[in-house]
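What follows draws every value from the coordinates through simple rules; no lab data is involved. All values reported here derive from a predicted model rather than from experimental measurement. All Cβ positions, glycine included, derive from the backbone under ideal geometry; neighbour counts span all protein chains shown.
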Amino acid sequence: MLDRYPRLFSILLSLLFFALIWVYVKEFPFLTNTIEVKWLMAGSLTAGLLIAVLIIALSFKKLSPLGRHIPELLFIGSVSLIFSPLFASLLNRYPGTDELRSFEFVSETPFLASPYGVLKGEKPKPTGYRLKVRYQGRELSFRYKSQAYFPLTKPGEEILVPVRKGVLGFYVVLLK
């Protein structure tokens with residue numbers, strides 16, 4: 001079928017690629033609000049590299065000699081490395097269980113993120129909030145956009161934050 005309709009296959013593959021990028025953009029706030037995200041990223045990149053090696057090994061006969069298929073090899077490697085954190089975050093988050101977790105409050109500060117800056121005379125409004133908490137002796141920072149959740153809380157107080165414990169064991173803060 002691929003040989004009969006190469007243009008249709010190219011269009012469908014391009015649409016799939018843009019759909020994956022759109023899903024990545026929607027998933028990014030959850031990925032950045034994951035506790036121990038560096039370990040999730042390291043594991044997903046390792047898995048992506050192993051998957052790329054496996055795909056290349058399974059299609060070794062089609063890709064021989066390797067010198068003539070460098071663009072295909074680079075495409076397989078780069079796509080598997082770029083999208084592996086997305087699939088790891090989705091796999092971790094969706095089948096997880098929701099719970100409330102206790103954190104030591106440090107601060108909650110508003111921030112302004114405007115791609116074009118603030119117009120002269122315009123009163124800037126915060127576009128999001130940054131929550132800093134202490135958890136197991138480390139200071140963590142989470143971002144969300146909707147509202148200030150802890151405006152009256154003093155530093156050092158214990159707060160309950162909604163989190164989702166993912167299938168892979170990583171916690172994702174669910175503040176929106």
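Considering only residues of region 80-108 that are loosely packed, with under 13 Cβ neighbours inside 10 Å and more than 21 Å from the chain's Cα centre (by Cα), which is nearest to S141 (Cα to Cα)? It comes out as S102.
Per-residue answers, yes or no, for (1) in contact with a helix residue (DSSP H, G or I) (Cβ under 8 Å, 6 or more places away or on another chain); (2) under 22 Å from E36 (Cβ atoms); (3) touching a residue at least 12 places away in the same chain (Cβ under 8 Å); (4) not in a loop (DSSP other than H, G, I, E, B):
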| position | (1), (2), (3), (4) |
| --- | --- |
| K125 | no, no, yes, no |
| R134 | no, yes, yes, yes |
| S146 | no, no, yes, no |
| V167 | yes, yes, yes, no |
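Of the residues screened, E72 is not one that is surrounded by 14 or more Cβ atoms within 10 Å (Cβ to Cβ), acidic (D, E) and touching a Pro at 6+ places or on another chain (Cβ under 8 Å).
Give region 56-111 a look and list any residue that's of a type outside the set (A, V, I, L, M, F, W, C) and assigned to a loop (DSSP other than H, G, I, E, B), or say none. Lay out the reasoning, then the answer.
First, pick out the residues of region 56-111 that are of a type outside the set (A, V, I, L, M, F, W, C): 59, 61-62, 64-65, 67-69, 71-72, 77-78, 80, 84-85, 89, 92-99, 101-102, 104, 107-110.
Result: S59, K61, K62, S64, P65, Y94, P95, G96.
Restricting K61, K38 to residues that are more than 19 Å from L168 (Cβ to Cβ) and either surrounded by fewer than 10 Cβ atoms within 10 Å (Cβ to Cβ) or touching a residue at least 40 places away in the same chain (Cβ under 8 Å) (or both) narrows the list to K61.
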